[in-house]
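Here is the structure we will look at.
Taken together, the values in this text are just the output of simple stated rules run on the coordinates, not laboratory data. Owing to the predicted nature of the structure, the values given are computational and were not obtained by experimental measurement. Positions of Cβ are generated from backbone atoms using ideal geometry, with glycine treated the same way; all protein chains shown enter the neighbour counts.
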Amino acid sequence: MTAAPEHTAEVIFGWSPVWVSSVLLVVTYAAIISERINRSIVALLGAGLMIMCGVLNQDAAIRGIDFNTIALLTGMMVLVAVTGKSGVFQYVAIWMTKRVNAHPPAILMSLAVLTAVFSALLDNVTTVLLLTPVVLLITDQLQVKAYPYLAVEIFASNIGGTATLIGDPPNILIGSAVGLSFNDFLFNLGPIVLVILLVVMGIAWLLWSRRLETTDELRARVLSFTESDAITDRKLLVKSLGVLSLVLAGFVFGHPLGIQPGTVALTGAALLLLLDNFGRDAETQSEEVHKAYGEVEWITIFFFVGLFIVVAGVEQAGVLEMIANQLLAWTGGDPRNTAVTILWVSAILSAILDNIPFVATMIPTIASMEAELGGPDALMPLWWALALGACLGGNGSLVGASANLSVAAFAERAKRPIRFLGFMKLAFPVMLLTVAIANVYLVVRYF
Amino acid sequence: LPCEDIMVRNPDSLSPDTPLWDGLMMLAERGHRIIPLVSGDRQYQGALTRLHLLSLVLPDAVTIEDGLKNLGFVRGQMPVLRARLEAGRHLTLQEVLQRHPVDVPTIKPGTAIMEAIWLMYKDGFGVPVVDDDNRLLGLVTGKAAVRALKQMPV
């Protein structure tokens, strides 16, 4: 066997790498924004062109892919898919509804807490995919409007996801690239996320609590649900919760030992698959494992892979350093102004655009400000600003985050469509308020 | 063998304007899994299936794609199901088909029987046979397919 010739990076026709990579980045992002072609196809094509045009060689492109992020996303998706088979998410939602005696406004509040907690510990999209059908069933039985519940679910999923390393893709990207731990996110973002969640719950209460009325008879229907029957596989439930606990412990304690979250998540996924399939014949194992892998959102995974390479291209060409210098020139090199600018720009852009490409581009941009701002510690508030802006910004419109789109798709299928502008009239001001709170927190805590 | 050799010719059919209740009665009393809907000149307009009936009485949270996978925890729902059915009583069959779309494939008279058997295996109900002008010619059903198989020399 002969080795493949080494691919050297040399931009075609002797063109400037800055221009070629910038054009490819802009065209890729424009195509993603237009939503006319699936975003994973666009990102992979952009990545391919970045290599074929000679901006990056093959090795640099592969190095540009953050495999820790890919492993963390894939591992968590498999873990949650297998856990979801046990029916535990429906169990918790019904249990919670019965604990508040099926009073509609109380369900609204507890749904916010439940969604926020699930979203902090699991992937947002998965959380809403598992909770929305139960929410639709309960609102249907109580004959109350589903909209307030779906809106609260969207808000709480984005807010809850902001609190942890694994809660939202922007945090996964930032944590992985910068080497921040699960605890770093929890201690720095957890307190303000709690405040923001309470504020948003207060707004929801003021807006909707008086309008959500039902009858005792309808409540009795919901109270007659037997949540224990929602559990379809008790053995799997025990195994899943055991492995999920180990994985969470791995996130917390693995960081000081140099074990990356991606390794923890994928190992946890493999362990759960082993426990779930142990003792089954080869054919059934093959079917079950195939199903579990099928639950991975491959569009997201391939989107990330392509995007990492596109961003690596512009980074290597020096474009991101130029953007960083420009940003520092605008903010006068003042860390506080820079953090606040990053927070608001991230929030506004994330409300209307996909926040993943933005964050992927901003990470190397912010990293290149290190010398100018005075070392890695000076960058910390900027990372929190980026995480808060990108995650909370997702609440600004229906297209702000993948979880929003998932809830909207469910609502549409259940013939309770959420109108884009109607939602935005509420969501955008709520998003601005939450970002303003985050702004105050950033300034008070870090400057 | 082409499908036209085994299909039931002139199967029971209804007009799209028929009230839901009459359609359900025909499904229940004659044991059909599917009833084609035809307008004037036997123009095929769709088909009422048992899935439509189930979609009417089940909550949307279950019937939508990626909805709930298990409903064992929902107790005491018979009055609720009855109320749902009652609520849909005033609908015409055409309205039911619009609200609860179910993919019902059709075949041509010359289509191979294997295709019809596969479609019945996949969907669980018979397959309407239509001509090039979309006129209903017949219905391939499980019973018809078994009858044809039994009559074939071994």
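Descriptive notes on the structure:
- Residue count for region A:402-424, restricted to those that are of a type in the set (F, W, Y) and either in contact with a Phe, Trp or Tyr (Cβ under 7 Å, 6 or more places away or on another chain) or within 14 Å of another protein chain (Cβ to nearest Cβ) (or both): 1.
- If only residues of region A:135-171 that are of a type in the set (S, T, Y) and under 26 Å from A:D184 (Cα atoms) are counted, the one that is surrounded by the fewest Cβ atoms within 10 Å (Cβ to Cβ) is A:T164.
- Of the helices (runs of 4 or more DSSP H) lying entirely inside region A:313-396, those containing at least 1 residues that are closer than 25 Å to A:G46 by Cα span A:319-330, A:335-352, A:355-367, A:376-393.
- When the strands (runs of 3 or more DSSP E) confined to region B:31-146 are screened for residues that are under 30 Å from A:R221 (Cβ atoms) and away from chain A (no Cβ under 14 Å), those reaching at least 2 such residues are found at B:43-49.
Per-residue answers, yes or no, for (1) part of a helix (DSSP H, G or I); (2) under 18 Å from A:F303 (Cα atoms); (3) not polar (S, T, N, Q):
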residue: A:L24; (1), (2), (3): yes, yes, yes
residue: A:Y29; (1), (2), (3): yes, yes, yes
residue: A:I32; (1), (2), (3): yes, yes, yes
residue: A:I37; (1), (2), (3): no, yes, yes
residue: A:G46; (1), (2), (3): yes, yes, yes
residue: A:V55; (1), (2), (3): no, no, yes
residue: A:L73; (1), (2), (3): yes, yes, yes
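- Any hit, region A:119-127, residues being within 14 Å of chain B (Cβ to nearest Cβ) and more than 22 Å from the chain's Cα centre (by Cα): no
- Given (1) touching a Phe, Trp or Tyr at 6+ places or on another chain (Cβ under 7 Å); (2) within 14 Å of chain B (Cβ to nearest Cβ); (3) assigned to a loop (DSSP other than H, G, I, E, B), number of the condition A:T232 does not satisfy: (1)
- Residue among A:L433, A:L421, A:L442, A:L426 that alone is out of contact with any Cys (no Cβ under 9 Å at 6 or more places or on another chain) and free of Cβ contacts under 8 Å to residues at least 12 places away in the same chain: A:L421
- Checked against the criteria, A:V399 does not count as within 14 Å of another protein chain (Cβ to nearest Cβ), of a type in the set (A, V, I, L, M), under 29 Å from A:V311 (Cβ atoms) and touching a residue at least 40 places away in the same chain (Cβ under 8 Å).
- Some residue of region A:141-152 being within 25 Å of A:L73 (Cβ to Cβ) and either touching an Asp or Glu at 6+ places or on another chain (Cβ under 9 Å) or away from chain B (no Cβ under 14 Å) (or both): no
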